[in-house]
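Asks: If you scroll down you'll find the structure; I have some questions about it.
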Amino acid sequence: MSARIVRAALSAGAVALISCAAIAHEVVGNRVFPATLAIDDPGVADELAFPTIALSKTGDDPPFRQLDISAEYSKRITEDFAVSIAPAWSHFSPPGGPLMTGASGFQNLETTFKYRVYKNAEHEFVVSVGFSIEWGGTGARDVGAEAFNVYTPTLYFGKGFGDLPASMNWARPFAITGQIGYAIPGSSSTLTVDPDTSDVDVEQNPRVLIWGATFQYSMPYLKSSVVDLGLPDLVNRLTPIVEVALATPVGNTALRFGVS
């Protein structure tokens, strides 16, 4: 995760239509908070997220296309505590990879421990805390998997607006979810030696602020808790979502010196 975060350290936005019948979610009162592409749902549940496929163009120089295929399995240990694992496989098209000829392989395996600390059904509000570990050395170096662990404490939240007054019925299906995390590398720097010139590169591994939010309008909530407009079942099962995810490296510097 860390290498991809540092490469992409830019904002990303997406608009999606999520079917609540086909994806794991957190339920708070009458509100369903579905998991989305980049922002985890704010609660805990037994979940199996089927492979997600993402194709992007990196910000490297020169840029190249990156294909990511990821999945996640989460299991509740108690009503409020769950453990999840998330493997991911990446493919870099040329000129990606250390030899500029492309590369493929698994990213480091990630494990997350998540605990729901507050849940209010009346106000459709939920807060959870999590601690993720990216296990260094479990992935392929050719796709940027680091040799060190990365530790990420995270705060997750979700708020539905079903508690708005009847005069604002049109807004009651709205909801927001979000997360704020801080990725801490297990090693403060990485040293590499150029085999041709013997030059030594010392790259400082930054801490990364990971944050983002989703803005949702739940058609199932509109039908079941506000008003039935007689729309087709397909429409009534959709949740239009606008999603923004950002990663901000902190203190990213690099040093280079020669060895004679």
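Asks: For segment 118-260, what Kirkwood radius comes out of the mean inverse Cα-Cα distance, in Å?
Replies: After inverting the mean inverse Cα-Cα distance, the result is 19.0 Å.
Asks: Is there a quick way to get the dipole size of the chain? I mean about its Cα centre, with the Cβ of Lys and Arg at +1 and of Asp and Glu at -1; what is the value in debye to the nearest 20?
Replies: With only Lys, Arg, Asp and Glu charged at Cβ, the dipole is about 480 debye.
Asks: If you average 1/r over all unlike Cα pairs in segment 27-133 and invert the result, what Kirkwood radius do you get in angstrom?
Replies: Hydrodynamic radius (Kirkwood, Cα only) of segment 27-133 equals 15.8 Å.
Asks: Probe radius 1.4 Å, ligands and nucleic acids ignored: give me the carbon and sulfur share of the accessible area of the chain as a rounded percent.
Replies: C and S fraction of accessible area: 63 percent.
Asks: Which cross-chain or sequence-distant (5 or more) residues have an amide H under 5 Å from the amide H of Glu72, H modelled 1.01 Å from N in plane?
Replies: Ala49
Asks: A further question on this structure: Springs between alpha-carbon atoms under 10 Å, Gaussian network over the chain: tell me which of Thr101, Thr112, Thr36 tops the mean-square fluctuations.
Replies: Of Thr101, Thr112, Thr36, the Gaussian network model singles out Thr101 as fluctuating most.
Asks: Relative contact order for the chain using alpha-carbon pairs under 8 Å, separation at least 6, rounded to a whole percent?
Replies: Reported as a whole number, the value is 19 percent.
Asks: Continuing with the same structure: Would you mind getting the accessible area per residue of the chain, heavy atoms of the protein chains only, 1.4 Å probe, in Å²?
Replies: 52 Å²
Asks: Charges only on Cβ, +1 for Lys and Arg, -1 for Asp and Glu: so what's the dipole of segment 169-238 about the Cα centre, in debye to the nearest 20?
Replies: Roughly 820 debye, rounded to the nearest 20.
Asks: For the chain, the longest stretch holding no GluC sites (Glu not before Pro) located in a DSSP loop with at most 12 other Cβ atoms within 10 Å is which?
Replies: That gives 123-260 as the longest site-free run.
Asks: Using a Gaussian network model of the chain whose springs link C-alpha atoms within less than 10 Å, name the residue from Phe33, Phe157, Phe215 with the highest mean-square fluctuation.
Replies: Of the options given, Phe215 has the highest mean-square fluctuation.
Asks: I need the per residue convex hull volume for the chain, using only the alpha carbons, in cubic angstrom as a whole number.
Replies: Output value, Cα hull per residue: 127 Å³.
Asks: I've got another one for you. Quick one: compute the contact order of segment 121-260, relative version, from alpha carbon pairs under 8 angstrom and 6+ residues apart, as a percent.
Replies: Contact order relative to length: 21 percent.
Asks: May I ask which residue of Phe50, Thr101, Val143 lies farthest towards the positive end of the charge dipole of the chain, with charges of +1 (Lys, Arg) and -1 (Asp, Glu) on Cβ and the Cα centre as origin?
Replies: Highest projection toward the positive end goes to Phe50.
Asks: Using a Gaussian network model of the chain with C-alpha springs under 10 Å, which one of Leu164, Leu67, Leu99 is most mobile by mean-square fluctuation?
Replies: Leu99
Asks: Considering the dipole of segment 188-238 built from charges on the beta carbon (Lys and Arg +1, Asp and Glu -1) around the Cα centre, which of Ala213, Leu191, Asn236 is farthest to its positive end?
Replies: Projecting each Cα onto the dipole axis, the largest value belongs to Asn236.
Asks: Quick check: residue separation of Thr248 and Val27 times 0.36 nm, minus the Cα distance between them. What number comes out in nm?
Replies: Extending this stretch completely gives an extra 76.5 nm.
The values are calculated or read from the model by the stated rules, or taken from the named source; none is laboratory data. Predicted model only: the values in this text are computed from it and were never measured. Note that each Cβ is placed from the backbone with ideal geometry, even for glycine, and that neighbours are counted across all protein chains shown. All accessible areas refer to the heavy atoms of the entire protein, side chains included, with ligands and DNA or RNA removed. Shrake-Rupley method; radii C 1.70, N 1.55, O 1.52, S 1.80 Å.
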